[in-house]
C-alpha cells in the first residue's frame with residue numbers, strides 16, 4: 001500500500017459510518033467506469049494481495065457467518 005493510500009485510508013476510517021458507506025458506494029461505482037479487462041485485472045491483483053497476506057499470517061480468516069453477523073450489527 002502506498003503512503004498516499006495509507007493516509008487516505010486513515011482519514012476515511014475517521015469518518016462516521018454513514019459517511020464511510022457513502023464513500024464506499026462512490027468508490028465502487030467508479031470501478032464500473034472501467035472496461036471489463038481493467039476491472040478484472042484490478043480484482044485479480046486485490047485477490048492475490050489478500051491471499052498473500054493471509055498465507056503470510058498478516059491477516060486471519062473469519063467465517064462468512066461471523067462477517068455477516070458483524071455487518072448486520074454495524075448497520076442496525
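With viscosity set to 1.567 mPa s at 4 °C, what whole-number translational diffusion coefficient in µm²/s follows for the chain from Stokes-Einstein and a Kirkwood radius over Cα pairs?
The Stokes-Einstein estimate is 87 µm²/s.
Between residue 21 and residue 69, what is the FRET efficiency for a Förster distance of 22 Å, r being their Cβ-Cβ separation, to the nearest 0.05?
FRET efficiency, residue 21 to residue 69: 0.75.
Can you tell me how region 35-76 classifies by the Cα gyration tensor, rounded, prolate or oblate, using a/c under 1.5 as the rounded cut?
Judged from the Cα gyration tensor, region 35-76 comes out oblate (a/c at least 1.5, b/c at or above a/b).
Each reported figure results from applying straightforward, stated rules to the coordinates on display, with no laboratory input. Note that the coordinates shown come from a computational prediction; the quantities given were computed from them, not determined experimentally. As a convention, Cβ positions derive from the backbone with ideal geometry for all residues, glycine included, and neighbour counts pool all protein chains shown.
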